[in-house]
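For reference, the structure discussed in these notes is given below.
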Amino acid sequence: MRIKNRKTRQQGMTLIEIMIALALGVALLGGVLKIFQNSNQTYRMQDNMSRLQENGRFAMDFLSRDIRMTDFWGCLKLGLVNVTNNLNSSGASYNADIHNFSLDQGITGTNGTVHASIAALDAPDSINLKAAYANGLTVETPFGPSVSSAIHIPADSDLEQSDVVVVSDCTTADVFQISNANPDDGELDHYTGNSTTPGNYQAATLGCPGANTHCFSKVYQGDASVYKVAATIYSIQNGASGQPALFRKINGDAAVELVEGIENMQILYGADTNDDFTPDYYVPAGTAGLNMANVVSVRVSVLVSTYDNLAASPVPYTFNGATTTPADRKLRRVFSSTFAIRNRLQ
């Protein structure tokens, strides 16, 4: 039998076809990678801008609440005019930033880096705000009978020895430091000469200098309340991530980081010079002629930044009247607001 030879048909792909397929694959893969890269950059941009706006809003919200409540002393509507500060200015641990409650000290500030740890960023300002806070505790019987008598409030409060508090009715207020070891029983003593620092001592109060008890401005009745007092300082410092952040310090405790990415803070104070409760001009702290007792509003501007390497090249920004081209590739935005000091507006 005769067997016919059959030619074997070619199987697979030629080298040229493989090279064409590889070229097409590389082109397609490059397109996919480019789409991914663009999508990733778009996501980073949107995420950072959202974070920037959020940080700016948070920073202004923290500042606004404390600025607006500055000089709150219960139902007393005359600010620090009728507030007597009974703390001992010569006592150990006395700190004017915390314990000075004179008329021009309800709100103070620095035009520069006194409270900031960042000196290279256009000298960020700081602001110090003093006020009563939390819910008031109503003064209870027995009242007095004298101005040196202890104040009585409901038992089981959260007040402790050495707390600085204010007792206030609608006409008068007294700031003092709780001197008894167990104010939880509802009795608040205001002795002088004990281990509590800075302690209570007001030489101007007749009948009390050097005595073991201390005199208030009046005998407070049931229309008065007791509040904790806070001195709150806002400043710009380096945060845990190494980036600038907004910090808050209360009553001399360690400063707490609130919002990251806050590079700078510039503050102007609106002074009312004709008693119409409207600011006549805005100037920085420390300006010649500025009486902080006349300040009725505060204008705050903060500079907020994103993470680095977001933009393709350095992006110029304008802040505090100056345009700067940075060395980094961050994006920045300025947030500005003016806040009225409600307790100085009658």
Check your understanding: Quick one: is Asn264 surrounded by 13 or more Cβ atoms within 10 Å (Cβ to Cβ) and closer than 26 Å to Gly56 by Cα?
Key -> yes
Check your understanding: Of all residues in the stretch 53-73, how many are more than 15 Å from Met265 (Cα to Cα) and either of a type in the set (Val, Ile, Thr) or in contact with a strand residue (DSSP E or B) (Cβ under 7 Å, 6 or more places away or on another chain) (or both)?
Key -> 7
Point to revise | the stretch 161-180 residues that are surrounded by fewer than 22 Cβ atoms within 10 Å (Cβ to Cβ), paired with ones that are part of a strand (DSSP E or B) and of a type in the set (Asp, Glu) (beta carbon under 8 Å, 6 or more apart) | key: Asn180/Glu187
Check your understanding: If you check Asp156, Asp125, Asp97, which single one turns out to be more than 30 Å from Asn182 (Cβ to Cβ), in contact (Cβ under 8 Å) with a residue 12 or more places away in the chain and not β-branched (Val, Ile, Thr)?
Key -> Asp125
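I need a count of the residues in the stretch 214-242 that are of a type in the set (S, T, N, Q) and part of a strand (DSSP E or B). Steps first, please.
Within the stretch 214-242, the first condition is being of a type in the set (S, T, N, Q), and the residues that meet it are 217, 221, 225, 232, 235, 237-238, 241.
Checking the rest, the ones that are also part of a strand (DSSP E or B) come to 225, 232, 235, 237-238.
Residues in the stretch 214-242 being of a type in the set (S, T, N, Q) and part of a strand (DSSP E or B): 5 in total.
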Exercise for review: For the stretch 220-233, indicate whether the set of residues that are over 30 Å from Ser148 (Cβ atoms) and either touching a strand residue (DSSP E or B) at 6+ places or on another chain (Cβ under 9 Å) or at pLDDT below 95 (or both) is non-empty.
Suggested key: yes
Exercise for review: For Ala134, work out the one condition from (1) in the same structural domain as Tyr94 (by TED's automatic domain parsing); (2) within 29 Å of Ala285 (Cα to Cα); (3) hydrophobic (A, V, I, L, M, F, W, C) it doesn't fulfil.
Suggested key: (1)
Check your understanding: Applying the selection to the stretch 309-343, what residues are of a type outside the set (S, T, N, Q), under 24 Å from Ser64 (Cβ atoms), exposed (fewer than 15 other Cβ atoms within 10 Å of the Cβ) and in contact with a Lys or Arg (Cβ under 8 Å, 6 or more places away or on another chain)?
Key -> Arg342
Review point. Do we have Thr306 as out of contact with any His (no Cβ under 9 Å at 6 or more places or on another chain), assigned by TED's automatic domain parsing to the domain that holds Glu54 and buried (at least 19 other Cβ atoms within 10 Å of the Cβ) here?
Key: yes
Check your understanding: When residues of the stretch 144-188 are filtered for being among the charged types (D, E, K, R) and in contact with a Lys or Arg (Cβ under 9 Å, 6 or more places away or on another chain), how many remain?
Key -> 4
Review point. Taking the condition farther than 20 Å from Arg51 by Cβ and exposed (fewer than 13 other Cβ atoms within 10 Å of the Cβ), does Ala254 pass?
Key: yes
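The values are calculated or read from the model by the stated rules, or taken from the named source; none is laboratory data. Bear in mind that the values here come from a model prediction, so they are computed numbers and not experimental data. A quick note on method: Cβ atoms are made from the backbone with ideal geometry, for glycine too, and the neighbour counts reach across all protein chains shown.
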